[in-house]
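Here's the structure we're looking at; comments come further down.
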């Protein structure tokens, strides 16, 4: 069973799509599948660093094709990075794909499913799409310049590529409903949530967390955000909460990661002189158990307009770390409903700052309540979002798709 995955980033890149792809391909290679990954030579947070053209990872063949490397800071440069990757990936796949090969296309860059559909038609390959977010809907919801002019034609092209596929694997029930609304038959849609590795990420008590000690957070109640500071997320609410709680000396707001909004967030903190806010860079994957266990409660945010188009992947790692969650966004969203059903956190609407503070305050005075909520999050994770469960589900779908092909 030969499988070719397409995604712009792969090991050793630490982006979420790269880490998930690495987990799945390692599992498949260990279970006898012939796995190749077609990716770029780039690292997501360092456009100047180049990876070798070819490599192997525990039996996985890695082919890194050429693309421009302007990076994420400017839309024009990022678009050119996408276009050159499309062309390089298409050229390589047309030259090297045999009939019956399974192509699994992720969604970085957006619309890479179109390349997969072209190759599957010409070469007789079997196509499966692994959809992490819905484009162009995300661009339109974020009001990116020009998105309104291209939304309809791009959606039509995207949908044709999805109709070509044997399976379209989405990461949430809301996303499945959105695709069904676009005319994709339910028989071609599968829901497999993203995951975390529960053996690598596990709860660590504050008093034994060496990273917490290194960052001088002993004795503090830590409200944390870990991940991408992208445009899909809303940070005004939590920064206003930090302002309201500025005189509570034992409460600290910790932001770990990077992204498009980092500079503006740092400016806000500086302008308001918020001494209770700390920024830290992304932490290595082998430190995730420590870094995700530093906060007493984690914040997840998503603009309500993006519900159904994106599922915040940070949820799974937080649940694995056994920490309660404060979600800022749509109360009826994918993650809020999981939180509500498991009773492992709270949801507030964007800019409902006083309610956010009212929910946080009791936790700062009652560590046992934090532990109860965190234990419920870990239980939910073990029941539904452990890596072994998800990759096993993926293996079943891959085998089924290849047999159907």
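The values are calculated or read from the model by the stated rules, or taken from the named source; none is laboratory data. What you see is a predicted model, and the numbers here were worked out from it, not measured in a lab. Please note: Cβ atoms are built from the backbone with ideal geometry, for glycine as well, and neighbour counts cover all protein chains shown.
Conditions (1) in contact (Cβ under 8 Å) with a residue 40 or more places away in the chain; (2) surrounded by fewer than 17 Cβ atoms within 10 Å (Cβ to Cβ); (3) under 24 Å from residue 310 (Cβ atoms), marked per residue:
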| residue | (1), (2), (3) |
| --- | --- |
| 57 | yes, yes, no |
| 68 | no, no, no |
| 71 | no, yes, yes |
| 78 | no, yes, yes |
| 96 | no, yes, no |
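Output the residues belonging to region 169-217 that are exposed (fewer than 14 other Cβ atoms within 10 Å of the Cβ), more than 25 Å from the chain's Cα centre (by Cα) and under 23 Å from residue 378 (Cα atoms).
Listed by number, the residues that qualify are 205, 207, 208, 210.
Residue 72: in contact with a helix residue (DSSP H, G or I) (Cβ under 7 Å, 6 or more places away or on another chain), outside any strand (DSSP E or B) and farther than 19 Å from residue 165 by Cβ, yes or no?
So residue 72 fits the description; yes.
Go through (1) buried (at least 19 other Cβ atoms within 10 Å of the Cβ); (2) modelled with pLDDT of 95 or more and name the single condition residue 91 misses.
All conditions pass for residue 91, except number (1).
Looking at region 18-57 only, could you name the residues that are out of contact with any strand residue (DSSP E or B) (no Cβ under 9 Å at 6 or more places or on another chain) and within 18 Å of residue 81 (Cα to Cα)?
Listed by number, the residues that qualify are 44, 46, 47, 48.
Quick check on my filter: what residues within region 17-32 are within 13 Å of the chain's Cα centre (by Cα) and under 14 Å from residue 399 (Cα atoms)?
If the condition is that a residue be within 13 Å of the chain's Cα centre (by Cα) and under 14 Å from residue 399 (Cα atoms), then no residue fits.
Identify all residues within region 350-376 that are touching a residue at least 40 places away in the same chain (Cβ under 8 Å) and either in contact with a strand residue (DSSP E or B) (Cβ under 8 Å, 6 or more places away or on another chain) or in a loop (DSSP other than H, G, I, E, B) (or both); write none if there are none.
Scanning region 350-376 gives 350, 351, 352, 356, 360, 363, 364, 370, 373.
Which one of the conditions (1) assigned by TED's automatic domain parsing to the domain that holds residue 301; (2) in contact (Cβ under 8 Å) with a residue 12 or more places away in the chain; (3) within 22 Å of residue 367 (Cβ to Cβ) does residue 201 fail to meet, given that it meets all the rest?
In the conditions (1) assigned by TED's automatic domain parsing to the domain that holds residue 301; (2) in contact (Cβ under 8 Å) with a residue 12 or more places away in the chain; (3) within 22 Å of residue 367 (Cβ to Cβ), residue 201 misses (1) alone.
To keep it simple, each residue is scored yes or no on (1) crowded, with 21+ Cβ neighbours inside 10 Å; (2) under 17 Å from residue 232 (Cβ atoms); (3) out of contact with any helix residue (DSSP H, G or I) (no Cβ under 6 Å at 6 or more places or on another chain); (4) assigned by TED's automatic domain parsing to the domain that holds residue 135.
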| residue | (1), (2), (3), (4) |
| --- | --- |
| 260 | no, yes, yes, no |
| 264 | no, yes, yes, no |
| 267 | no, no, yes, no |
| 285 | no, no, yes, no |
| 292 | yes, no, no, no |
| 338 | yes, no, yes, no |
| 343 | no, no, no, no |
| 355 | no, no, yes, no |
| 368 | no, no, yes, no |
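Would you check which residues across region 102-130 are more than 20 Å from residue 81 (Cα to Cα) and in contact with a strand residue (DSSP E or B) (Cβ under 7 Å, 6 or more places away or on another chain) and list them?
Correct list: 102, 103, 104, 117, 119, 120, 125, 126, 127, 128, 129, 130.
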